[in-house]
Amino acid sequence: MKNALLVILFLPLLNLYSQTGSLTGTVMSQGEVLPWATIQLKDTQLGTTTDEAGKYLLEAPFGTYTVVCKSIGYKSLEKVITLNNSLPLQLNFQLDEDVMGLEQVVVTGTRTDKRRTDSPVIVNLINSKTLDNVVASNLSEGLRFQPGLRIETDCQTCNYTQLRINGLQGGYSQILINGRPIFSPLTGLYGMEQIPANMIERIEIVRGGVSALYGSSAIGGTVNVMTKIPRKNDYALTYTYQNMGNNSNDHLLVGNATVVNTKKNAGATFFVSKRDRDTYDDNGDNFSELPQLKNNSFGTNFFYIPQENQKLEASISSINEYRYGGEIVDKPAHMAQQSEERTHNVLMGSLDYQINFNEEKSAFILYYGGQYTDRDHYTGIIPDEEPQLSQFYANPPYGISNVTTHQGGVQYNHRFNSFMGGKTVFTFGSEYVYDEVLDIIEAYNYKIDQTTRNLGGFAQNDWDITPDLNFLSGFRIDQHNLLDKAIISPRLSLLYKWKKETQLRLGWGTGFRAPQAFDTDLHIAFAGGGISRISLSDNLKEERSNSFTASVNYDKAREHFIAGFTLEGFYTHLNDAFYLFPLGEDQFGERFEKRNGSGATVKGITLETRANFDYLLQVDAGLTLQASQFDEAVENIEGLEAKREFLRTPNKYGYATFTYTPTKKFSASANIVYTGPMELVHFSGEGTGQAMDEYNSSSSFTELSIRLGYDFEFPNIDTGLEIFGGLKNLTNAYQNDFDLGKNRDSNYVYGPGAPRTVFVGLRIKSL
């Protein structure tokens, strides 16, 4: 009787326990196990990851579920199962490699996680593998291989680079680090070369205006640099030697390490980079075309999952860079006939906290990002005669720069599984951006002391009307301290999926660009034997934009190949477009003033093609055809005719990459970058070879680069060894009419950023 009573009392508990089943299995791809793959029961908080052997175990109450298996770099797979037995259910997955990145999840286009094919705006991806294949040592070198993007070198002496998206110069595009706009205007001059490639997990690129999400200076597009995140315990150490033009050396040593705890709820990744590059003189005048460069960088990313529905991420990195360009002499900078010297100390960091609740339907995100830059610099040219020479030595033009950037914000996402016949995700957020710039060169009476503050709020509705039709709508309100009134930036996007392989997209949005005192076009340069400086007009007001895009995206998978293309048309009109008006010379050199013009239009088409054959050969290519004009002609050089055309903007440019992997151990890659002709201004200078101020039209350039690599594996010590080498700019397609001597026009630079370069490297890594 006593035992029977116990059975009765515990029967409900036994029955409850019996209502729980379990899933077990292995995740593989092409005969190899996939560790750290994610197994998730769709629309629940239940999930797990595979272990180092690719195995998993997941318990769940009885019921019918859709099981989703995901792994970065592979196509996700869904299977419907029913748990109705206490015995483990065996469920294995075979994932196909996502060689074209179509299944990857992106965040930049909508601020929420979306598969690329489901995103209402086109998001292009560059992953760390691609950066390896094109032998990119920094962010600048990696961005050249995307449609609509062009990396431009703008100074013969200091070699700063800027990114042009759809023909618009660097100030019209935002560069984000982990989704945060902490890439300050000053950092925008040199930062793309300062960010080492081994710091980067992937890069997301959105062409066209996204001011509705990111505010000022997101007219041309947005580049989101995602730093490496920890997934498993591993390491890599790489040394690369490069020789430019047979006479200048470049040494690069980089290292990465990742540590994840046994519970997989905490981990950290570390990176370190050291670069030492000599100056390069192409025309033999003892003045550099490429500056001396010394860069030391290190940083870490950290994550912690205190509970299944919460995640904390933090990152911090430090960059120290020294660069010197000009006369090649072993003397202090002010003793050179002409030179620029820069020492940057940059500290960047971010902190993100996310909590999911309401059965995974809601998410709250709290974030902060910051950057501090301390810069010592010199920009000078020695006068030829007294008394200017004595004055110069008494007060050489050394300067200092200090830039502080802070951003903090909140974001709330809520998903409705039933909304007007479909489903939707509402996103709301607010953020505050503070940017303080101090840049001084006392000898030139040059000083920028400006603080900008921007308070923004945004709202967005990402509505899946049907499984094949998506409508994205949103707006942002910005209150910028340099503007008289608040700016409202709306945007609309429509996505239609036709016959599974095809996506049709339409988009419209407005944007603005605030009249900041420091931007990529305010760089101090040399021209005509003096210093070229730029100031802001007293009544300068913001630029406003209207942008339209239309695109068709097609991808077809066959048994032995995948191929596709994207055709996109774009149109952007700028109201009150900025331009540089020549004011003439003063005692230091040429002066320009940034003013508002009547307007400008940038329009064109971009074609991107891609194909993969049996996982052996991957081909990607892109070509952009465009026209960029002011509504009314503007004066670029005093005394010369005004022009409507944008300067330094080719009407056609493109790229192609080829990757061949016949075996797991051997790889070969090649890439091509094409730059069409462009109009430039060319200032005269004594002894430079340029007798008068004039417009010049550059020739077109085609760069060809190749890379070969071979892997050796030592499984007994869990170590791999890769040897690689090749040639950059194999045909030596390099500018051949650089100015000579100290009086050169340093902005008269076009074409490839470096001559023919031989490289070899060695990488030690974990298996």
> So which pairs qualify, if the first residue must be in region 705-730 and not assigned by TED's automatic domain parsing to the domain that holds Gly245, the second must be of a type in the set (Lys, Arg), the Cβ gap must be under 9 Å, and the two must be at least 6 apart or on different chains?
Replying inline: none
> Which members of region 446-461 meet the condition of being more than 23 Å from Pro181 (Cα to Cα) and either in contact (Cβ under 8 Å) with a residue 60 or more places away in the chain or outside the structural domain of Phe592 (by TED's automatic domain parsing) (or both)?
Replying inline: Tyr446
> Would it be correct to say that Tyr695 is at pLDDT 95 or above and either over 30 Å from Gly761 (Cβ atoms) or surrounded by fewer than 20 Cβ atoms within 10 Å (Cβ to Cβ) (or both)?
Replying inline: no
> Within region 253-269, which residues are in contact (Cβ under 8 Å) with a residue 40 or more places away in the chain, part of a strand (DSSP E or B) and surrounded by fewer than 18 Cβ atoms within 10 Å (Cβ to Cβ)?
Replying inline: Gly255
> Across region 39-59, what is the total count of residues that are modelled with pLDDT under 85 and part of a strand (DSSP E or B)?
Replying inline: 2
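Considering only region 537-557, how many residues are over 20 Å from Ala627 (Cβ atoms) and part of a strand (DSSP E or B)? Steps first, please.
Going residue by residue through region 537-557, those that are over 20 Å from Ala627 (Cβ atoms) are 537-542, 544, 552-557.
Still in the running and part of a strand (DSSP E or B): 544, 552-557.
Here the count works out to 7.
Okay, residues lined up against (1) charged (D, E, K, R); (2) surrounded by fewer than 18 Cβ atoms within 10 Å (Cβ to Cβ); (3) in the same structural domain as Asn233 (by TED's automatic domain parsing):
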{"site": "Phe271", "(1), (2), (3)": "no, no, yes"}
{"site": "Lys274", "(1), (2), (3)": "yes, yes, yes"}
{"site": "Glu321", "(1), (2), (3)": "yes, no, yes"}
{"site": "Gln337", "(1), (2), (3)": "no, yes, yes"}
> Looking at Phe592, Phe646, which is the one that is more than 30 Å from Lys75 (Cβ to Cβ), in contact with a Pro (Cβ under 8 Å, 6 or more places away or on another chain) and crowded, with 17+ Cβ neighbours inside 10 Å?
Replying inline: Phe592
> Filter region 291-332 for residues that are touching a residue at least 60 places away in the same chain (Cβ under 8 Å) and outside any strand (DSSP E or B); which is nearest to the chain's Cα centre (by Cα)?
Replying inline: Pro291
> Within region 669-683, which residues are touching a residue at least 40 places away in the same chain (Cβ under 8 Å) and either more than 25 Å from the chain's Cα centre (by Cα) or part of a loop (DSSP other than H, G, I, E, B) (or both)?
Replying inline: Met678, Leu680, Val681, His682, Phe683
> Inside region 528-575, can you point out the residues that are among the β-branched types (Val, Ile, Thr), buried (at least 22 other Cβ atoms within 10 Å of the Cβ) and over 22 Å from Leu495 (Cα atoms)?
Replying inline: Ile531
> Considering only residues of region 351-403 that are out of contact with any Gly (no Cβ under 6 Å at 6 or more places or on another chain), of a type in the set (Phe, Trp, Tyr) and assigned to a strand (DSSP E or B), which is surrounded by the fewest Cβ atoms within 10 Å (Cβ to Cβ)?
Replying inline: Phe357
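Limited to region 33-46, what total is found for residues that are touching a residue at least 60 places away in the same chain (Cβ under 8 Å) and closer than 21 Å to Lys361 by Cα? Even if it seems obvious, please write down each step before you answer.
First, pick out the residues of region 33-46 that are touching a residue at least 60 places away in the same chain (Cβ under 8 Å): 34-36, 43-45.
Okay, now just the ones that are also closer than 21 Å to Lys361 by Cα, so 43-45.
Number of matching residues: 3.
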> Counting only residues that are free of Cβ contacts under 8 Å to residues at least 40 places away in the same chain and closer than 30 Å to Asp435 by Cβ, which one in region 485-505 is farthest from the chain's Cα centre (by Cα)?
Replying inline: Lys485
>> Which condition from (1) of a type outside the set (A, V, I, L, M); (2) out of contact with any Phe, Trp or Tyr (no Cβ under 7 Å at 6 or more places or on another chain); (3) closer than 18 Å to Asn178 by Cα is the one that Tyr239 breaks?
In response: (3)
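How many of the residues in region 302-324 are among the aliphatic types (A, V, I, L, M) and farther than 29 Å from Gly191 by Cα?
Looking only at region 302-324, we keep the residues that are among the aliphatic types (A, V, I, L, M), and these are 305, 312, 314, 316, 319.
Checking which are farther than 29 Å from Gly191 by Cα leaves us with 305.
Going through region 302-324 one residue at a time, the tally reaches 1.
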> Restricting attention to region 645-654, does a residue exist that is within 18 Å of Thr130 (Cα to Cα), in contact with an Asp or Glu (Cβ under 6 Å, 6 or more places away or on another chain), outside any strand (DSSP E or B) and modelled with pLDDT under 95?
Replying inline: no
> Restricting attention to region 213-234, which residues are closer than 16 Å to Asn198 by Cβ and part of a loop (DSSP other than H, G, I, E, B)?
Replying inline: Lys228, Ile229, Pro230, Arg231
>> Regarding region 60-71, can at least one residue be identified that is part of a strand (DSSP E or B), more than 25 Å from Phe357 (Cβ to Cβ) and among the hydroxyl-bearing types (Ser, Thr, Tyr)?
In response: no
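Where residues in region 558-582 are in a strand (DSSP E or B) and free of Cβ contacts under 8 Å to residues at least 40 places away in the same chain, which of them is nearest to Asn612 (Cα to Cα)? Walk me through it before giving the result.
Going through region 558-582, the residues in a strand (DSSP E or B) turn out to be 561-575, 578-582.
Next, from what is left, pick out any that are free of Cβ contacts under 8 Å to residues at least 40 places away in the same chain: 569, 571, 573, 575.
Working: Gly569: 25, Tyr571: 31, His573: 37, Asn575: 43 Å.
The residue in question is Gly569.
The values are calculated or read from the model by the stated rules, or taken from the named source; none is laboratory data. Nothing here was measured: the structure is a model prediction, and the numbers come from that model. Because the Cβ atoms are built from the backbone with ideal geometry, glycine has one as well, and the counts that use them run over all protein chains shown.
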